[in-house]
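What follows is calculated from the coordinates using simple rules that are stated; it is not laboratory data. These figures come from a predicted structure and were not determined experimentally. As a convention, Cβ positions derive from the backbone with ideal geometry for all residues, glycine included, and neighbour counts pool all protein chains shown.
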Amino acid sequence: MSEPRKTVIITGASRGIGHATALLFMERGWNIITCSREDVPEECKRDPAWTTHIPTDLSKTESIENFIAKATEALDGQPLHALVNNAGLSPKTPFKERLGCLNGDIDAWREVFEINFFAALRLSRGFASALHKGHGAIVNITSIAGHAIHPFAGSAYSISKAALSALTREMANEFAALDVRVNAVAPGEIETSMIQPEYEALIPRIPLERMGAPRDVATTVYYLCSDDSNYVTGTEIWVTGGQHMF
């Protein structure tokens, strides 16, 4: 008899890294439960493995609570094997100016932290019991910008990702008691809608001499959710083409 299909929850799954990750997990035979502010593409809705998509605003507590409730209902008592906290926000000024510590609305900082940091904490708590039942894994998507000054990523984004890196370490320690592993993936310059033309100037800083693709991140996320990494926790893996070395 074949083993039951595993289930993963992925946030921010309508595009970019989150969408590529959802497609990869489906290819590998997993059931998918997702959320994003937007709906998923029509072709993905027709795939029976994409079990549930719940439009959610991760900056609002009540919307997160609604997502946890509906996703738990969709699980129907079955275990959860992985949670990928991918959704992220990186605001820019109308003139694409880098938002630093001296400019920008403080309320915008709060929204960035709600989505990039607090949502990951709330969702991890909300699905802790289901993850325990599945001996599961949590993967937080951090960033190269959380470890060094980035020429284009704003301060609020960078600091929220640094906080998420620290949260990953603390969660790995505490969730170990539930037999749940917690790791992070730190992408560099990945070709998504966040990337603007000026990012081309960063390619000479990348030893592999190219930007990454969303699937490059997705395969690393999958590894951290799979049995191949069952003794890996509290780790942050760089997916930067070597850019983080400089």
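Key figures for this structure:
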{"item": "Qualifying residue in segment 16-37 (condition: in a helix (DSSP H, G or I) and on the phi > 0 side of the Ramachandran plot)", "result": "yes"}
{"item": "Qualifying residue in segment 146-165 (condition: in contact with a strand residue (DSSP E or B) (Cβ under 6 Å, 6 or more places away or on another chain) and either surrounded by fewer than 16 Cβ atoms within 10 Å (Cβ to Cβ) or charged (D, E, K, R) (or both))", "result": "no"}
{"item": "Qualifying residues in segment 121-136 (those that are farther than 15 Å from Ala74 by Cβ and of a type in the set (D, E, K, R)) - the one surrounded by the most Cβ atoms within 10 Å (Cβ to Cβ)", "result": "Arg122"}
{"item": "Pair list, Cβ under 9 Å, 6 or more apart: segment 217-241 residue surrounded by 15 or more Cβ atoms within 10 Å (Cβ to Cβ), other residue part of a loop (DSSP other than H, G, I, E, B) and of a type in the set (Gly, Ala, Ser)", "result": "Cys225/Gly136; Trp238/Gly188; Val239/Gly188; Thr240/Gly188; Gly241/Gly188"}
{"item": "Segment 214-246 - residue that is among the aliphatic types (A, V, I, L, M) and out of contact with any Ser or Thr (no Cβ under 9 Å at 6 or more places or on another chain) and, of those, nearest to Gly146 (Cα to Cα)", "result": "Met245"}
{"item": "Members of segment 225-246 that are within 16 Å of the chain's Cα centre (by Cα) and aromatic (Phe, Trp, Tyr)", "result": "Trp238"}
{"item": "Test: residue in segment 123-142 that is of a type in the set (Ser, Thr, Tyr), in a helix (DSSP H, G or I) and more than 27 Å from Ala82 (Cα to Cα)", "result": "no"}
{"item": "Residue list for segment 171-207, filter: farther than 25 Å from Phe25 by Cβ and either assigned to a loop (DSSP other than H, G, I, E, B) or in contact with a strand residue (DSSP E or B) (Cβ under 9 Å, 6 or more places away or on another chain) (or both)", "result": "Asn173, Glu174, Gln196, Ile206, Pro207"}
{"item": "Single condition Ala82 does not satisfy, out of (1) surrounded by fewer than 20 Cβ atoms within 10 Å (Cβ to Cβ); (2) touching a Cys at 6+ places or on another chain (Cβ under 6 Å); (3) of a type outside the set (Phe, Trp, Tyr)", "result": "(1)"}
{"item": "Tally of residues being in a loop (DSSP other than H, G, I, E, B) and exposed (fewer than 15 other Cβ atoms within 10 Å of the Cβ) across segment 99-119", "result": "5"}
